[in-house]
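Here the structure comes first, spelled out in structure tokens, and everything after it is commentary.
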Amino acid sequence: MSAADTRWTVRITAASGSSTSRAHVRKFSFDGGAPLSFDVEHPAVTALEYLLAALGIDLASGIRHAARKRRVEVDDVEVVIHGSLGDPLRFLRVVGAEGDPGLASIDAKVYIASLEEEGVVSQLWDEVLAVAPVVNTLRRAARVELVYQQVM
């Protein structure tokens, strides 16, 4: 099997009478709520929030992995992400709303705690962005603005 033939499989089930769906990935399972919600009290993580979280995990774990591989000292990584829909009214099925209900923009700020020189952290950042699968997928679908700040 070549690398190009590699596939990942996720199985989703939505049982009758349940307001959530359940994702099954390898030996793990997790629940998801609505596709998206405007209610901060919504009882479950939405599909849109999982998507944004996947981007954050791609960045944070990618930095940790690359730092270990290159023996770069990185203490902590924190990612803050904001996503905006093209036309949220379309998702709500408002009469006359005809825009794109998908993500139009994603802004992420990554805080990298490291005492390494700025150039070393910058190279690490560039390396991660070049190979991050979620980052590179979302860049084809929406405007994605990614910045990092090195903190001591």
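Any read-out appearing in this document is the output of simple, stated calculations on the displayed coordinates, not a laboratory observation. These figures come from a predicted structure and were not determined experimentally. Backbone-built Cβ (ideal geometry, glycine too); neighbour counts: all protein chains shown.
Of all DSSP beta bridges confined to the chain, the antiparallel ones make up roughly 65%.
Using the beta-carbon distance between Arg90 and Arg26 and R0 = 30 Å, what value does 1/(1 + (r/R0)^6) give for FRET efficiency, to the nearest 0.05? Efficiency at R0 = 30 Å is approximately 0.30.
Site pair Val120 and Arg11 shows an inter-label distance of 4.6 nm when each label is modelled 7 Å from Cα along Cα→Cβ.
In the chain, helices alone account for a calculated mean residue ellipticity at 222 nm of -10000 deg cm²/dmol, with every DSSP H run of four or more residues adding -39,500 (n - 2.57). To test your reading of the geometry: what angle, between 0 and 90 degrees and rounded to tens, separates the Cα axis of helix 47-70 from the longest principal axis of the chain? Rounded to the nearest ten degrees, it is 10. Assuming charge only on the beta carbon of Lys and Arg (+1) and of Asp and Glu (-1), the dipole of segment 19-95 about its Cα centre is about 560 debye to the nearest 20.
Can you tell me how segment 1-84 classifies by the Cα gyration tensor, rounded, prolate or oblate, using a/c under 1.5 as the rounded cut?
Oblate.
The C-alpha atoms of the chain define a longest principal axis, and helix 118-131 lies at about 40 degrees to it.
Under unit Cβ charges (Lys, Arg +1; Asp, Glu -1), what dipole magnitude, rounded to 20 debye, does the chain have relative to its Cα centre? Could the numbers behind the result be given before it?
On the way: 16 positive and 20 negative charges, 164 e Å.
The calculated dipole for the chain is roughly 780 debye.
With viscosity 0.692 mPa s and temperature 37 °C, the Kirkwood radius over alpha carbon pairs of segment 1-142 converts through Stokes-Einstein to a diffusion coefficient of 186 µm²/s.
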